[in-house]
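All remarks here apply to the structure that follows.
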Amino acid sequence: MIAKSRVETERDLHDLVETFFRSTFSTDNPIITEAVKRMLAAGGKRLRPRITLLASAACGGNPIDHLHLAAYMELIHVATLIHDDVVDNAQTRRGVNATAVDYGNRVSVLAGDYLFAWIFKNVTATYRPPIPHVLSATLADICDGEVLQLRAMGDLELDIDAYVEIARKKTASLFAASAECGAIVGDGSKAAVNALRKYGELFGIAFQMKDDLLDMTADERSLGKPVGNDLTERKVTIPLIEALAGGDGNFRTEVRRFYDGTANDAIGSIVTGIDNHGGLRGTRKRIAEFVHRAKQALEPLPKGTAKNELLDLADALLAE
């Protein structure tokens, strides 16, 4: 494919990543390869690899040269999803059976572990520091964020700062690493690398907030998992935090009874209450704030197609 001013359109980058997975991805373990390819075939926006490639292009690199690195970002994400579904006892993911449903928890945990090891074996063999360090630190952050979220289950006193810290670690850290590593292989300046990492982190926090919002507003078919799943799992997410801040004692009591297990059939009522007490509106406002900050982070970068597409990715989080 001939480069278009050294960066393909967003659609071209997506197709490049998909083709790469179909034609190139394979491990030494056929069960792991099958499980991962099934997850990849279920779809996904491939935001992390796209951000890696766009960050490289924004720094003057050619994204075609970095498809392997971009693919590793998505595979790290896939490995975390496999583990998440075991931890959460999830039944579906992206509209298909969760890996644990078809392969069992033992194989799923080992598959996630194997995939992490396979990725880092390839990364350390191919890329110089600081890229291996960035990715290893990111994996530690993701695990830390998951533990923080588990400890916060059912904690109705969880505040916005604590929520953002969880989101920063468990979700935004990989977006930040995707942007940072793309900038590094694109030979970006220190200022450009820092700007893109900051963009990725702020984008990732907004992305998690949007995901929490969709859990309460989207239909199951488009969401790829049951609506209200976060409530079922007793997670305390941003719409609930915002609603509790603006709600009354009766609403808090209803939520407490649900989280204590004495009102298991109240999801619909709680979602309505979250909306009535400003939870959805407040979440949209928070998303807009983080999107604005993410776009501001890109100001040090020169104008160009890649920068525009990164700005467009952030703006897309504002769409309903």
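So if I place +1 on the C-beta of Lys and Arg and -1 on the C-beta of Asp and Glu, and nothing else carries charge, what would the dipole magnitude of the stretch 39-182 be about its Cα centre? I want it in debye, nearest 20.
Computed charge dipole of the stretch 39-182: roughly 600 debye.
7 Å from Cα along Cα→Cβ at both residue 303 and residue 15: what's the point-to-point distance in nm?
The two pseudo-label positions are separated by 2.8 nm.
What's the FRET efficiency of residue 214 with residue 133 using the Cβ-Cβ distance as r and R₀ = 30 Å, to the nearest 0.05?
For R0 = 30 Å, the calculated efficiency reads 0.35.
By how many nm would the segment from residue 42 to residue 153 grow when fully extended, if each residue of separation counts as 0.36 nm and the alpha-carbon distance is taken off?
Result: 37.1 nm gained on full extension.
Per DSSP H run of n ≥ 4, the term is -39500 (n - 2.57); total these for the chain, divide by its residue number, and report the mean residue ellipticity at 222 nm rounded to 500 deg cm²/dmol.
-23000 deg cm²/dmol
Which value, in debye to the nearest 20, describes the size of the charge dipole of the chain about its Cα centre when Lys and Arg Cβ atoms bear +1, Asp and Glu Cβ atoms bear -1, and nothing else is charged?
760 debye
So if we plug the beta-carbon distance of residue 265 and residue 245 into 1/(1 + (r/R0)^6) with R0 = 25 Å, what FRET efficiency do we get, rounded to 0.05?
About 0.45, to the nearest 0.05.
Could you list 156, 174, 313 in order of exposure, starting from the residue whose Cβ has the fewest other Cβ atoms within 10 Å?
By the 10 Å Cβ count, ascending, the order reads 156, 313, 174.
With the chain treated as a Gaussian network of Cα nodes joined by springs under 10 Å, which of 110, 244, 231 yields the largest mean-square fluctuation?
110
What is the fewest-to-most order of 259, 72 by other Cβ atoms lying within 10 Å of their Cβ?
Listing 259, 72 from fewest to most nearby Cβ atoms yields 259, 72.
With the Cα gyration tensor of the stretch 10-315 giving a ≥ b ≥ c as the square roots of its eigenvalues, does the rule (a/c under 1.5 for rounded; else a/b larger than b/c for prolate; else oblate) give rounded, prolate or oblate?
Verdict is oblate for the stretch 10-315.
Compare the Cα positions of 319, 27, 86 along the charge dipole of the chain (+1 at Cβ of Lys, Arg; -1 at Cβ of Asp, Glu; about the Cα centre) and return the one farthest towards the positive end.
27
Using the number of other C-beta atoms within 10 angstrom as an exposure proxy, rank 116, 175 with the fewest first.
Exposure proxy ranking, most exposed first: 116, 175.
Can you pick out the pairs among 45/307; 45/285; 37/307 whose Cα atoms lie more than 29 Å from each other?
37/307
In whole Å, how far is the Cα centre of the stretch 265-292 from that of the stretch 148-210?
Cα centres, the stretch 265-292 to the stretch 148-210: 21 Å.
Round to the nearest 10 and give me the degree value, 0 to 90, for the angle of helix 131-151's Cα axis relative to the longest principal axis of the chain.
10 degrees
Identify, among 287, 101, 245, the residue whose Cα sits farthest towards the positive end of the charge dipole of the chain, taking +1 on the Cβ of Lys and Arg and -1 on the Cβ of Asp and Glu, with the dipole about the Cα centre.
287
For residue 23 and residue 160, what is the calculated FRET efficiency with R₀ set at 51 Å and r taken between the beta-carbons, to the nearest 0.05?
That pair, residue 23 with residue 160, gives E of 0.70.
Students often get this wrong, so check it: of 121/210; 170/198; 170/235; 190/210; 210/295, which have C-alpha atoms separated by over 22 Å?
121/210; 190/210
Readers should treat all values here as calculations from the given coordinates under stated rules, not as data from a laboratory. Only a predicted model underlies this, so the values are computations on that prediction, with no experimental measurement involved. Methodologically, a virtual Cβ is constructed for each residue, glycine included, from the backbone with ideal geometry; neighbour enumeration extends over all protein chains shown.
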